[in-house]
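Engineer: This is the structure I have questions about; it appears just below.
Computed from the coordinates by the stated procedures, all read-outs in this text should not be read as laboratory data. What you see is a predicted model, and the numbers here were worked out from it, not measured in a lab. Cβ sites come from the backbone with ideal geometry, for glycine too, and all protein chains shown count toward neighbours.
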Amino acid sequence: MNAYGLLWGLLLALLSTAAQAQNDTPPQSGIWIPNPGADLWKAVRQRGQPEPSTTQVQGLDSNQLINVAGEKFRDWRRERFIRYAAYLLAGVPVVILLFHMLHGAMKLEPSGRKLLRFDLYDRVAHWLLATVFLFLAFTGLLLLFGRFVIVPWLGLDAFSPIASASKEGHNLFGPLFLVALLWVFLRFVARNLPAWRDIVWLLKGGGAFGGKHPSAGFFNGGEKLWFWSLAVFGLLLSLSGLLLDFPSYAPSRELLVLALVVHGAAAVILVAFSFGHIYMGTAGVEGTLEGMRDGTVDANWARQHHDQWYAEMVREGRLEALSEAQENRAETTTGQLEEGRT
Amino acid sequence: MTVAELVDGPLWTVALTVFVAGVAWRLLVLIATGWKRDLSHPRSGSLGGAIRGVVGRFLPSQGMAGRLRLHLVAGYLFHLGLFALLFFAAPHVDFYRDRLFGFDWTPLPHWAFILAAEAAFLGLLMLWLNRVLNPVTRLISESGDHAASVLTFLVMLTGCLALARSHETLRLLHFFVVELFMIYFPFSRLMHSFTFLLSRAAQGAHYGRRGVRV
Ligand code: HEM
């Protein structure tokens, strides 16, 4: 039996003796039969007991046998949070699928002329963040929904190692997310400063529902919204995660509960948002992925989706520079140009 | 025989044998092959050159440092992290004592073990991403390079998943991947863990003889 078990046993034995001693007093009237457990549980829950129990176990609230607020939080997490998170995370892909079926991909007619969009550092930072995020999302969602999805499906014995592995992996990769997030933030922030045209872009839904394609700079309003959501929720996610990684340093249990709420909510929001981002980066808009893979995009893609950036590149003569280099030696152009930039 | 018995018993013996014999064989062959005698008059000592070659290559040559910044940082993060994990993580030290050497040494404290793991993961991910995203390294990478990276990553990942040391299944999974890694090791790019010393020394000695300063 470990220290906690021993403590529990001793406290329960003491409390039940105390409760019995109270119950030994004969009832005043002939019909009142006190519930022998009532006083015990009152004491265990420390209702109306001003003096907390004492224990030698070091830790937050370790002198409390049952934390009533914690139970309420657990019920809220199970009954509400997990349910609404499931609706959101299942709903977003359905909406994306419907949109794709109705709207189809935004097509690109390649011009064969390329523009350098992301240098090597941009790309490594992006994919580092994406890899770590997706791993954390996968393990985090296993921990959130495992009890309701994996347990009925594979049973408790199978879920136990899955949960342990997810927890360890999640804890270890968490700090890497903060490192990657800061790196991406520093590299991309200058290109994500808000401008009036971004609001117009967002109000027009990026031109997805007809009409002329709204004007955009290097990043459009939707991308900037993703960037800033990632910055804010990502930071909240990281800070709350770090607190949960080191619970013994938390000043109070309430703060830990708050960290759990913030962590869960920020994670679910970002995962839902990431579905949209991944869709736009792959099947949604032709020619977009190439930028994050090879660093270059087709000139027509730039003109179509980022007209102001395109105009700037043309003004600076970047289009010609890359196209000429490409004609000379197609495979190495990105590398050569990057070397000049990084 | 259960899977657990197989992984803990015969497969471990096979993996260890292939690893030790394979590495020894390849190193012996390399050393025995030697290299062509250089008949030219030596301009300076080859030993000094060999030492300079081994030590000097820990830093990139001037002029390359800027271009290799990412490689340098990620490379050191990964290799130092992995070295610390491999030889100084408490579960590994226990393993070496119980299954290999019969003695142990002071392991890293838990926080340092975790820090080393973070560094190793960060470094490996950055190195592999650089490999596939840099058009030049992508072009010169072969399936063996990717296999070595992926297998190393899987060894580290399964180790990290088993960190709680509370589930036999997770320990066995990690051990099984380690065994695959050991069997693959002598036939692959992973051999550079040993051969880098030979190649640096040979190249350094060659340059030393010719009086080339790198
Ligand atoms: C695995 C699937 C993913 C794909 C295919 C993908 C693809 C892309 C592409 C193609 C771009 C460039 C868009 C452009 O040229 O305008 C981009 C930008 C970006 N991605 Fe991803 N991405 C993925 C996952 C993620 C994840 C998981 C995150 C973050 C957690 C992320 C964060 C970003 C950020 C911050 C940008 C820059 C947007 C801006 O700064 O406004 N991506 N992504």
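Engineer: Can you confirm whether A:LEU255 is surrounded by fewer than 17 Cβ atoms within 10 Å (Cβ to Cβ), hydrophobic (A, V, I, L, M, F, W, C) and over 23 Å from A:PHE138 (Cα atoms)?
Structural biologist: yes
Engineer: Does A:VAL179 count as within 15 Å of the ligand (Cβ to nearest atom), without any contact (Cβ under 8 Å) to a residue 24 or more places away in the chain and under 21 Å from A:VAL271 (Cβ atoms)?
Structural biologist: yes
Engineer: So B:PHE185 ticks every box in (1) surrounded by fewer than 18 Cβ atoms within 10 Å (Cβ to Cβ); (2) on the phi < 0 side of the Ramachandran plot; (3) not charged (D, E, K, R) but one. Which box is left unticked?
Structural biologist: (1)
Engineer: Which condition breaks for A:GLY104 when tested against (1) surrounded by fewer than 12 Cβ atoms within 10 Å (Cβ to Cβ); (2) within 14 Å of the ligand (Cβ to nearest atom); (3) not charged (D, E, K, R)?
Structural biologist: Checking A:GLY104 against (1) surrounded by fewer than 12 Cβ atoms within 10 Å (Cβ to Cβ); (2) within 14 Å of the ligand (Cβ to nearest atom); (3) not charged (D, E, K, R), the one that fails is (2).
Engineer: Follow-up question, since we're still on this one. Enumerate the pairs (first residue in the stretch B:121-139 and more than 9 Å from every other protein chain (Cβ to nearest Cβ); second residue anywhere and not in a helix (DSSP H, G or I)) with beta-carbon separation below 6 Å, excluding pairs fewer than 6 apart on the same chain, so at least 6 apart or on different chains.
Structural biologist: If the second residue must be not in a helix (DSSP H, G or I), the pairs left are B:ARG131/B:SER141.
Engineer: Name the pairs: first residue in the stretch A:209-231 and more than 10 Å from the ligand (Cβ to nearest atom), second residue among the acidic types (Asp, Glu), Cβ to Cβ under 7 Å, at least 6 apart or on different chains?
Structural biologist: Going by the 7 Å Cβ cut-off, the qualifying pairs are A:SER215/A:ASP307.
Engineer: Here's a follow-up. Away from the ligand (no atom under 16 Å from the Cβ), more than 22 Å from A:MET292 (Cβ to Cβ), in contact (Cβ under 8 Å) with a residue 40 or more places away in the chain and surrounded by 13 or more Cβ atoms within 10 Å (Cβ to Cβ): which single residue out of A:PHE148, A:PHE159 fits that description?
Structural biologist: Being away from the ligand (no atom under 16 Å from the Cβ), more than 22 Å from A:MET292 (Cβ to Cβ), in contact (Cβ under 8 Å) with a residue 40 or more places away in the chain and surrounded by 13 or more Cβ atoms within 10 Å (Cβ to Cβ) holds for just one of A:PHE148, A:PHE159, which is A:PHE148.
Engineer: Does the stretch A:171-191 hold any residues that are more than 10 Å from every other protein chain (Cβ to nearest Cβ) and buried (at least 19 other Cβ atoms within 10 Å of the Cβ), and which are they?
Structural biologist: A:PHE177, A:LEU181, A:VAL184, A:PHE188
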